[in-house]
Structures are given as C-alpha cells and as structure tokens.
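Undergrad: Shown below is the structure under consideration.
The values are calculated or read from the model by the stated rules, or taken from the named source; none is laboratory data. What you see is a predicted model; the values in this text were computed from it and never measured. Please note: Cβ atoms are built from the backbone with ideal geometry, for glycine as well, and neighbour counts cover all protein chains shown. SASA here: full protein model, heavy atoms, side chains in, ligands and nucleic acids out. Shrake-Rupley method; radii C 1.70, N 1.55, O 1.52, S 1.80 Å.
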Amino acid sequence: MSEPVRETITGDGWAVGSIDGMGEGGGFRKVRHELGVEAFGINAIVLPPGYTSRRHAHERQEELYFVHRGTIEFTFNDGDHQLLGPGGFARVDPPTVRALRNTSDSEEAVYVCVGGAGGYVGRDGVVPEGDQAR
C-alpha cells in the first residue's frame, strides 16, 4: 500500500473510497451507491463558499450530520442557529426543518449525512473464531 485510496475499490464483503474520488465541485457524493451501502442512507455534500441549502425536513428518517471540513451554520425550525466546525455533529429529527450554510466566502465546506429509520440494532460485535477477545 503506497498511496491513500482515491477511487472506489471493492472486495469480498467490503468497499473503500474517498469523497474526492466520488466527484468534483460542489454537490452530493452518493456514498451509499458508490460503496453499496444498503442498511442506511449516506451522502457526502460539498458546499461551495457562501452556499446555503434549501430548507427541508423528512417524513421518516432521522439524520446525523458530521462536519468534515470547513464551518457550517445549521438553522433549525424558525431560527435556532448552531455553528459547527470540523468534527462537529448534529442529530435532527425527521420533521425538524433544517438548512445549512457554508460560512466561508472563499473555501468549500464538506459534511457527511447519515439517515435512517427503524432503530438501533444493539451491540452485535463478535470476535472471529480463532481470535482472542481483548
């Protein structure tokens, strides 16, 4: 292994890829499609400098946002504003109206959004046969 992965690579039961390898410029990177994710929705979104998303809500899916790069202002409902930088998380209930704004006038911002409905499956990790638990 000499360089970090850029283009999507798949194997037996796994897939790896990179936000930058899934597209160029502003907009959606279809992570779910690119990596074959079936259990939940996931996208990476590149916001151009100063861009504000449209306001939206959902009928069923709860969403979790993770700010990967830049600073993003989240506006909830009728005016609750929260500023998140790299490493920041926001969880949003389906009917909650939200909009996102890249606060920079010169740099892109990138966030990852995971959505789903149906609940947590619990702790189901197991140690492979032959390996020892720590």
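Undergrad: Within region 82-107, how many residues are more than 15 Å from the chain's Cα centre (by Cα), assigned to a loop (DSSP other than H, G, I, E, B) and within 20 Å of residue 46 (Cβ to Cβ)?
TA: Final tally of qualifying residues: 5.
Undergrad: For region 67-81, name all the residues that are more than 19 Å from residue 29 (Cβ to Cβ) and within 15 Å of the chain's Cα centre (by Cα).
TA: Of everything in region 67-81, those that are more than 19 Å from residue 29 (Cβ to Cβ) and within 15 Å of the chain's Cα centre (by Cα) turn out to be 71, 74.
Undergrad: Another one. May I ask you to list the residues in region 1-42 that are within 29 Å of residue 97 (Cα to Cα), part of a strand (DSSP E or B) and open to solvent by 40 Å² or more (accessible area, probe 1.4 Å)?
TA: 28
Quick grid of which residues meet (1) in contact (Cβ under 8 Å) with a residue 60 or more places away in the chain; (2) open to solvent by 100 Å² or more (accessible area, probe 1.4 Å); (3) out of contact with any strand residue (DSSP E or B) (no Cβ under 7 Å at 6 or more places or on another chain):
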position	(1), (2), (3)
71	no, no, no
76	no, no, no
85	no, no, no
91	no, yes, no
102	no, no, no
108	yes, no, no
113	yes, no, no
124	no, yes, yes
129	no, yes, yes
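Undergrad: Something else: Consider region 43-60. How many of its residues are of a type in the set (Val, Ile, Thr), open to solvent by less than 50 Å² (accessible area, probe 1.4 Å) and either at pLDDT below 95 or over 16 Å from the mean Cα position of the chain (by Cα) (or both)?
TA: The qualifying residues number 0.
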